[in-house]
1. Taking the Cα centre of region 356-462 as origin, work out the dipole magnitude from +1 charges on Lys and Arg Cβ and -1 charges on Asp and Glu Cβ, in debye rounded to 20.
2. Would you mind putting 389-400, 121-132, 373-384 in packing order, based on average other-beta-carbon counts within 10 Å, highest first?
3. Can you give me the angle between helix 14-26 and the longest principal axis of the chain, using Cα atoms only, in degrees from 0 to 90, rounded to the nearest 10?
4. Write down the percent of antiparallel bridges among all DSSP beta bridges whose residues are both part of the chain, to the nearest 5.
5. Check which residues have an amide H placed less than 5 Å from Leu186's amide H, if you skip close sequence neighbours.
6. Just report the Cα centroid separation between region 164-218 and region 273-332, whole Å.
7. Rounded to whole Å and ordered largest first, report the semi-axes of the equivalent ellipsoid of region 337-424 derived from its Cα gyration tensor (root of 5λ).
8. Can you tell me the 0 to 90 degree angle between the C-alpha axis of helix 411-421 and the longest principal axis of the chain, rounded to 10?
Amino acid sequence: MIVMKFGGTSLGDAAKLTNAAELIEANLEKTPAVVVSAMASVTNLLIDTTKNAALGKTATVERAVGELSQKHETAAKQSLKQPDSVLQEVRHIIGSLKPLYESIGVLGEYTPRSLDLISSYGERLSSLLLANILIERGVSSEPIPTADLVITDDNFGSANVDFKVTRARVAKKVKPMLREGVTPILTGFLSGTEKGVVTTLGRNGSDYSASIVAACLKAEEVWIWSDVDGVLTADPKLIAEAKTVPELSYREAADLSYFGAKVLHPKSILPAVEGGIPIWIKNAFKPEVEGTVVKAETVRDKKPIRGITSIRNLSLVNVEGAGMVELSNVAAKVFGAVANLGINVYVISQASSEHSICFVVDKGDASKIVRVLKREFSERIMHRDIDEVSVMDGIAIVAVVGEGMIGTLGIAGRVFGTLGKSKVNVVAIAQGASELNISFIVKEEDLTKAVACLHREFGLDK
Ligand code: ADP
Ligand code: ASP
Ligand code: MG
């Protein structure tokens with residue numbers, strides 16, 4: 001059997017939902033278990049609306065709920081000959097969302113727990129639609145909410161999976177269905193605690209859901225259907241000449257996705273590695289294109305680099321001071337504070353001087369951490385051991401990834417030489433980059449130039 005996952009981009013409207021149903025139907029002999037994301041932009045809308053509800057923006061909330069109804073009802077009407085019972089269910093589900101927004105409006109705040117519950121609505125709706133489209137086409141199918149199958153702790157927003165319990169639950173529910181020829185349409189992204197509280201696996205987490213389900217069912221392969229021809233040598237939205245990479249090792253895929261190749265969630269690698277399950281990334285709108293396969297053993301390319309990825313909208317936080325002699329102690333405090341805030345650090349660097357530590361976080365997290373660090377180090381700042389805790393916005397990370405770099409001399413020289421020739425100013429070089437990855441920090445305005453010159457230098461456009 002295989003697991004097929006459809007992303008929001010391949011479920012965006014009635015035609016795309018129907019396209020997904022056709023792909024499932026065309027591969028029924030492979031006994032697919034299907035995992036779905038919400039329809040495109042739905043999760044964003046659900047989350048934004050939660051925030052607006054807390055701000056008391058009642059009219060905006062009402063408009064958003066209307067938009068959600070319209071989107072799913074239109075999709076049902078356009079993709080089903082007899083949409084009535086599905087429409088009723090869509091209305092019922094969205095009807096149960098309204099009081100959640102209302103109570104957030106009354107309270108004037110929302111909790112991570114309520115945000116997860118609300119975020120999970122998109123997948124519940126999309127799985128309902130896709131399963132019913134299949135049923136109308138004569139394929140036996142059922143929408144399966146995964147809150148009581150994928151079991152996690154209560155770390156809302158990015159819950160941690162209990163694989164032992166999850167394996168038993170998924171197998172017990174899904175295996176008999178597959179045996180009876182029923183195609184389950186499982187909700188990606190959402191999960192639940194043992195007590196039945198809804199959690200989520202983190203934004204873009206339905207790739208992870210797919211590989212969890214695959215590991216639980218010992219699937220032969222995972223197929224991630226998206227809107228690109230696989231994993232490309234760079235983000236096609238940045239580099240038009242980006243080419244499909246036919247094969248990636250798990251480690252290469254992990255690094256590429258961690259540093260911005262959004263097409264695959266970094267967490268989806270581990271369950272696949274452990275189960276030895278290859279992951280295919282394929283284009284739902286060009287299924288004849290083979291796509292990319294991510295697996296343990298790959299054929300070594302002549303090129304040392306497989307791809308260049310990047311993340312923008314970041315900030316560089318710098319803690320600096322001539323008196324920072326016991327740097328390790330400072331580092332422990334800095335990263336302790338970061339961890340307490342639950343902030344994700346992309347890279348750490350000490351490039352600018354021995355007396356500084358800098359690290360890169362999401363732009364939205366920078367002011368929070370600076371406030372905390374200034375408080376933490378107030379005494380040392382007063383004594384001038386630490387001169388300042390500063391932030392540089394408009395930062396991007398670029399990562400050059402490929403196992404071919406291992407044991408090939410001079411790649412770093414070529415990378416930084418090329419950047420220099422193209423007049424890209426490297427703000428910092430990331431520390432602790434693994435041997436298959438060189439990552440560095442540039443100003444956002446230099447990002448496209450940086451990726452483009454390296455893409456050319458390493459022949460990735462050919
Ligand atoms: P889905 O809704 O299917 O999960 P995503 O939007 O999460 O789709 O991921 C697909 C997008 O990832 C593509 O449209 C593309 O712009 C982006 N992307 C970024 N880097 C890469 C890359 N190296 N290869 C392929 N796609 C990439
Ligand atoms: N719908 C969820 C999100 O937008 C999960 C996913 O798309 O993978 O984050
Ligand atoms: Mg995605």
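Every number here is computed from the coordinates shown, using simple stated rules; none is lab data. As the structure is a prediction and not an experimental result, all values here were calculated from the model. So basically every Cβ, Gly included, is an ideal-geometry build from the backbone, and we count neighbours across all protein chains shown.
1. 220
2. Per-residue Cβ counts within 10 Å, averaged per peptide and sorted highest first, yield 121-132, 389-400, 373-384.
3. So the helix axis and the longest Cα principal axis differ by about 80 degrees.
4. 60
5. Val34, Val35, Val36, Ile144
6. If you average the Cα positions of each part, the centres end up 25 Å apart.
7. Taking √(5λ) for each Cα gyration eigenvalue gives 32, 16, 13 Å.
8. Result, in degrees: 80.
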